[in-house]
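One structure is given below, encoded as structure tokens.
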Amino acid sequence: MAYLFLFLGFLLIVFFMPEALRQLSSQEKEVSLNQLEARIANLEDTLEEALTRMERKAIFQPELKSPAPTVPERSFAEHLAQAQVDPYAEIRRAYAAGEDIAALASRYGKGKGEIELILNLRRFPALNDGMHR
């Protein structure tokens, strides 16, 4: 008789366990869905508060409202002309005008050796082929 009760208990577990698990799973999903909805509502409130604070700040600080400065558009020819400019020509002109190497180094933020190298590279055109002219 005890075996009969054990067998019936086993059958009840086998047949009704999947349904019990489905119900438990759906309840957990419902709880997690409610938690997610509450979290979304909380985030929306936080976002609205942040936007309100930003708007208030913009009212009291007009520079925040001003649009970003626009960069003037240049033609391809202007870009090309600027790219072909010798970046060291101004250093050479200043040296030719009589400015000494130490003054040039401090003015352009370079070392004295680098200024001397820039000035000397102009004397050797074969070495200067790969550089800007």
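For (1) surrounded by 11 or more Cβ atoms within 10 Å (Cβ to Cβ); (2) modelled with pLDDT of 90 or more; (3) assigned by TED's automatic domain parsing to the domain that holds Leu80, each residue gets a yes or a no:
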position	(1), (2), (3)
Ala97	no, yes, yes
Asp100	yes, yes, yes
Ala103	yes, yes, yes
Tyr108	yes, no, yes
Lys112	yes, yes, yes
Ala126	no, no, no
Met131	yes, no, no
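All but one of (1) exposed (fewer than 10 other Cβ atoms within 10 Å of the Cβ); (2) at pLDDT 90 or above hold for Ser66; state the number of the condition that does not hold.
Result: Ser66 passes all but (2).
Conditions tested, residue by residue: (1) in a helix (DSSP H, G or I); (2) at pLDDT 80 or above; (3) surrounded by 10 or more Cβ atoms within 10 Å (Cβ to Cβ).
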{"residue": "Glu30", "(1), (2), (3)": "yes, no, yes"}
{"residue": "Leu36", "(1), (2), (3)": "yes, yes, yes"}
{"residue": "Arg53", "(1), (2), (3)": "yes, yes, yes"}
{"residue": "Glu73", "(1), (2), (3)": "no, no, no"}
{"residue": "Glu78", "(1), (2), (3)": "yes, no, yes"}
{"residue": "Ala81", "(1), (2), (3)": "yes, no, yes"}
{"residue": "Arg92", "(1), (2), (3)": "yes, yes, yes"}
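The values are calculated or read from the model by the stated rules, or taken from the named source; none is laboratory data. Remember, predicted model here, so these are calculated numbers, not experimental data. Cβ atoms come from the backbone with ideal geometry, glycine included; neighbour counts cover every protein chain shown.
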